[in-house]
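> Sharing a structure, written as structure tokens. Questions coming.
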2 protein chains.
Amino acid sequence: MPSPIQIFLGRHNLDGFLFVGDSICDADMYYLTHFLAGDKFAVLAQEKTTLLVSSMELNRAGEESIANECLSTSQYQIMEKLKRCKNWEEAYCQVLVEFLQGHGIRRLGVPFRFPAGFYQLLCQDFEVSVLESPASRFREIKRQEELDAIVCTQRACERAMRQATLLIGSSEPRGELLYREGQPLTSEKVRGAIERSLLEDGCEAMDTIVASGPQAAAPHARGTGPIAANAPIVIDIFPRSKSRRYFADMTRTVLKGEAALEVKEIYEAVRLAQAEGLLAIRAGVSGKEVHSRVSSIFLDLGYPEREGSGFTHSTGHGVGLDVHEKPSLSESGEELQVNHVVTVEPGLYYPDIGGVRLEDLVVVKENGYESLTHFERKLVL
Amino acid sequence: MPSPIQIFLGRHNLDGFLFVGDSICDADMYYLTHFLAGDKFAVLAQEKTTLLVSSMELNRAGEESIANECLSTSQYQIMEKLKRCKNWEEAYCQVLVEFLQGHGIRRLGVPFRFPAGFYQLLCQDFEVSVLESPASRFREIKRQEELDAIVCTQRACERAMRQATLLIGSSEPRGELLYREGQPLTSEKVRGAIERSLLEDGCEAMDTIVASGPQAAAPHARGTGPIAANAPIVIDIFPRSKSRRYFADMTRTVLKGEAALEVKEIYEAVRLAQAEGLLAIRAGVSGKEVHSRVSSIFLDLGYPEREGSGFTHSTGHGVGLDVHEKPSLSESGEELQVNHVVTVEPGLYYPDIGGVRLEDLVVVKENGYESLTHFERKLVL
């Protein structure tokens with residue numbers, strides 16, 4: 001039986017599909033090979049998967065990767081080519097040409113994000129088609145071991161969130177700020193507690209958000225300095241497992257002190273919108289439809305999007321080897337399928353109040369969803 | 001006086017240079033804007049620098065970036081375009097076309113790594129040249145504030161290295177392994193101590209290497225499991241400051257127990273090769289020449305490269321917003337210039353012995369170099 005990649009190549013009349021990049025930034029390359037490297041290498045996907053790495057990486061590639069074959073650029077005389085070429089890129093491209101010809105390539109597919117420089121050069125020797133990466137599509141539907149890895153990261157995410165809520169919960173509102181042990185509690189301190197917890201769980205987190213007051217009105221602002229009392233604090237944690245490479249993603253909004261009526265109302269609106277979004281999720285529904293139902297709830301409740309305030313982002317996104325991947329729950333959202341893993345994360349943002357966001361991670365099922373998030377929603381700590 | 005980017009555009013007869021990507025993976029985009037984002041955005045470099053971000057990111061871009069102008073895709077009706085287009089990429093490209101036309105672009109430059117998909121689409125409306133990114137060249141020469149940031153990360157790197165050597169130094173060789181508090185000392189434990197130290201210093205480290213025995217024979221193997229006694233342990237730490245984004249990089253090789261004569265000899269050879277490499281460094285010398293002097297020392301001392309063992313990698317690389325950037329000290333190494341920051345890191349690797357590598361970070365000066373590395377070289381702890 002032909003493999004998914006063979007079916008893809010057949011449909012597009014290609015002899016192979018080539019990736020060039022590093023597998024830290026290009027999750028497709030990691031997905032296809034399980035070879036993690038920060039330096040540039042190449043992956044050729046045909047019936048078999050072939051890695052092309054530097055000679056220094058050849059042994060490690062053989063041991064760590066799941067590719068069927070590992071070759072080194074030395075086998076294509078990169079050093080000799082470097083002496084004749086005006087730069088590394090040109091020499092590397094000559095290696096690629098020989099490598100591809102040696103694998104019977106005439107018609108080649110490359111992904112949308114393939115480096116334009118190599119694309120131009122390869123067009124001289126091959127018929128090259130730029131296509132959506134088949135690996136990106138394969139990655140959308142998670143296998144059981146991938147779901148297990150995501151759950152594992154999500155548990156670490158929840159333990160880190162607990163550290164954050166414990167810290168904020170044990171602080172004291174004094175005037176406009178929160179205090180703990182005589183010092184203002186800061187975004188940095190809470191983020192530190194989150195990051196230490198994640199580190200103990202073998203996870204890393206790039207850009208954890210702990211933002212209060214006006215800072216929380218920008219959905220991606222990390223937050224800095226003293227945390228406001230009596231105001232919503234958005235905590236968004238999206239860690240990755242260092243060993244298994246899968247992300248999780250969760251947001252909670254909490255408050256210490258007195259919640260103003262309008263904050264309570266906003267929180268309740270976001271809670272209802274999230275419940276509506278979750279209710280809409282099942283295989284066969286489009287991400288666009290889920291997003292439109294969430295947007296409608298906000299409209300119905302009197303929270304339209306206007307001039308950069310209100311519900312300013314999409315409802316959610318896929319999570320896996322990338323923290324933002326397909327499918328998206330947005331205006332351009334594709335049809336959901338069984339074992340898609342997506343976030344449902346409506347939020348409302350106002351410069352004078354701040355922001356409220358609630359985000360859960362779920363697996364799409366035939367008739368609904370299975371939540372991967374085990375953490376209460378509670379505004380006032 | 002024209003700015004460096006204007007000079008570049010003039011020389012190549014371009015109206016602007018466009019980057020599309022995220023500034024976590026594309027350091028050029030961060031360099032030009034100081035806007036850190038994991039989602040795709042665009043930067044147009046002309047006399048002024050313009051950011052094009054999603055509406056959700058517009059406020060943050062205005063506050064955090066150093067771009068002269070920040071625009072949002074909503075201002076180009078991305079939502080309406082999405083409804084008419086078959087996918088996000090096509091809609092986004094229509095936005096790019098209007099954005100570029102609005103900035104007077106006819107002749108456009110894009111970097112080598114520019115996404116081939118957008119390149120193809122933009123070629124329909126513009127005269128597009130794929131060129132080496134001018135930002136990559138600007139980044140090579142470090143300004144004082146960049147040097148300060150690198151030094152700051154390097155100090156954190158050294159504190160982390162100290163934690164590692166203290167841990168290994170306080171262990172006990174028993175049979176073939178090291179023990180501490182009754183347990184085998186593992187690569188994971190040492191890496192944990194390193195990572196905790198870095199976290200306290202506001203740094204993150206992707207792939208710290210703590211590898212002993214045969215594991216250390218692959219220069220990029222991270223190392224796992226119990227650490228070997230009486231055998232070289234390669235510790236390679238390359239952290240990045242979370243706030244300032246600059247990397248540092250350092251390697252030491254240590255051993256607990258008895259060092260065999262051949263290990264001592266290899267260590268001494270690497271030490272001599274590093275000293276020779278450092279001695280060769282000054283403005284005007286090529287990275288190729290430095291590498292070739294280091295390679296010659298190994299040859300003279302009787303350590304040729306052969307079938308994947310010996311000195312299997314280049315002598316060094318630039319360090320900055322990327323951990324591996326130009327210039328390289330290798331067969332294709334360019335001329336060194338004042339305020340280049342480079343590593344000098346010869347190593348020897350043998351499957352039966354393991355590996356020895358010593359890596360220092362230096363700034364290139366008119367008549368030599370200034371070392372940024374303050375850490376002793378000592379094999380036996």
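Where a number appears in this text, it was derived from the coordinates with a stated rule and is not lab data. Note that the structure is predicted; figures quoted are calculated from it, not measured. A quick note on method: Cβ atoms are made from the backbone with ideal geometry, for glycine too, and the neighbour counts reach across all protein chains shown.
> To the nearest 0.05, how large is the calculated FRET efficiency for B:Tyr179 and A:Cys25 if R₀ is 56 Å and r is the Cβ-Cβ distance?
0.90
> Give the residue list of GluC sites (Glu not before Pro) in region A:44-113 that are DSSP loop and have at most 14 other beta-carbon atoms within 10 angstrom.
A:Glu47
> Continuing with this model, one more query. Place the label 7 angstrom along Cα→C-beta at A:Tyr179 and in each other copy, then list the distances from the first to the rest in nm, shortest first.
Values, ascending and in nm: 5.2.
> When the label point is put 7 Å from the Cα of A:Glu262 along its Cα-to-beta-carbon vector, which residues of region A:348-381 have a backbone N closer than 13 Å?
Within reach of a label on A:Glu262, which here means backbone N under 13 Å from a point 7 Å along Cα→Cβ, region A:348-381 contributes A:349-355.
> With angles folded into 0 to 90 degrees, how steeply does helix B:88-102 sit against the dominant principal axis of chain B? Use alpha carbons for both and round to 10.
With rounding to tens, the tilt is 60 degrees.
> Dipole of the protein assembly as shown, Cα-centred, from +1 at each Lys and Arg C-beta and -1 at each Asp and Glu C-beta, to the nearest 20 debye?
In debye, rounded to 20, the protein assembly as shown gives about 420.
> Could you work out the relative contact order of chain A, using alpha carbon pairs under 8 angstrom and six or more residues apart, expressed as a whole percent?
Details: 817 pairs, mean separation 50.2, N = 381.
Relative contact order for chain A comes out at 13 percent.
> For region A:372-378, take each phi angle, set θ = phi - 60°, evaluate the Karplus expression 6.51 cos²θ - 1.76 cosθ + 1.60, and give the result in whole Hz per residue in order, putting x for glycine and proline.
Here the 3J(HN,Hα) series is 9, 9, 10, 7, 5, 9, 8 Hz.
> Could you derive backbone 3J(HN,Hα) for region A:142-155 from the dihedral phi with the Karplus parameters 6.51, -1.76 and 1.60 (θ = phi - 60°), listing whole Hz in sequence and x where the residue is Gly or Pro?
8, 7, 4, 5, 6, 4, 4, 5, 5, 4, 4, 5, 5, 4
> How are the Cα pair distances of chain A distributed, in percent, across 10 Å bins from 0?
5, 21, 26, 21, 15, 9, 3, 0
> Please tell me which of these pairs span more than 26 angstrom C-alpha to C-alpha: A:Lys242/A:Lys378; B:Lys189/B:Lys378; A:Lys264/B:Lys83; A:Lys40/A:Lys288; A:Lys264/A:Lys288?
Details: A:Lys242/A:Lys378 30 Å; B:Lys189/B:Lys378 21 Å; A:Lys264/B:Lys83 35 Å; A:Lys40/A:Lys288 36 Å; A:Lys264/A:Lys288 28 Å.
Exceeds cut-off: A:Lys242/A:Lys378; A:Lys264/B:Lys83; A:Lys40/A:Lys288; A:Lys264/A:Lys288.
> Hey, another quick one. Out of B:His291, B:His34, B:His103, any idea which swings most in a Gaussian network model of chain B, alpha carbons joined below 10 Å?
B:His103
> Build a GNM of chain B with springs between Cα atoms under 10 Å: which of B:Pro219, B:Pro346, B:Pro327 gets the top mean-square fluctuation?
Per the Cα network of chain B with a 10 Å cutoff, B:Pro219 tops the list.
> Using the basic label-point model (7 angstrom from Cα toward the beta carbon), what is the B:Lys48 to A:Ile66 distance in nanometres?
5.0 nm
> Can you tell me which of B:Ala260, B:Ala280, B:Ala156 moves the most in a GNM of chain B? Springs connect C-alpha atoms under 10 Å apart.
Looking only at B:Ala260, B:Ala280, B:Ala156, the largest GNM fluctuation is found for B:Ala260.
> Work from the charge dipole of region A:145-266 (Cβ charges, +1 for Lys and Arg, -1 for Asp and Glu, about the Cα centre) and give the residue of A:Cys157, A:Gln183, A:Pro232 farthest towards its positive end.
A:Gln183
> Average the reciprocal distances over every distinct pair of alpha-carbons in the protein assembly as shown, invert the result, and give the Kirkwood radius in Å.
This gives a value of 27.5 Å.
> Still on this model: With +1 on each Lys and Arg Cβ and -1 on each Asp and Glu Cβ, and nothing else charged, work out how big the dipole of chain A is about its Cα centre, in Debye to the nearest 20.
380 debye
> With axes computed from alpha carbons, what is the tilt in degrees of helix B:261-280 against the longest principal axis of chain B, rounded to the nearest 10 within 0 to 90?
40 degrees
> Just in region A:220-307: which GluC sites (Glu not before Pro) are loop by DSSP and have at most 15 other Cβ atoms within 10 Å?
A:Glu258, A:Glu307
> Choose one of B:Phe112, B:Val53, B:Tyr31: the residue whose Cα lies farthest towards the positive end of the charge dipole of chain B (beta-carbon charges +1 Lys, Arg; -1 Asp, Glu; about the Cα centre).
Farthest towards the positive pole: B:Val53.
> Same structure again: Positive end of the dipole of region B:4-139, charges at C-beta (+1 Lys, Arg; -1 Asp, Glu), about the Cα centre: which of B:His12, B:Gly62, B:Met79 has its Cα farthest in that direction?
Selected residue: B:His12.
> Label A:Arg143 and B:Arg271 with points 7 Å out from Cα along Cα→Cβ: what is the distance between them in nm?
Going from the A:Arg143 label point to the B:Arg271 one covers 4.9 nm.
> Sticking with this structure for a sec: What's the average, rounded to a whole number, of partner chain beta-carbon atoms within 10 Å of each residue's beta-carbon in A:121-133?
Numbers: counts 2, 1, 1, 0, 0, 0, 0, 2, 1, 7, 1, 3, 0.
The per-residue average across the peptide is 1.
> With +1 on each Lys and Arg Cβ and -1 on each Asp and Glu Cβ, how big is the dipole of region A:47-144 about its Cα centre, in debye rounded to the nearest 20?
That gives a dipole near 180 debye.
> What trypsin sites (Lys or Arg not before Pro) in region B:97-150 are in a loop by DSSP, with at most 11 other Cβ atoms within 10 Å of the Cβ?
Those that pass, being in a loop and sparsely packed, are B:Arg143.
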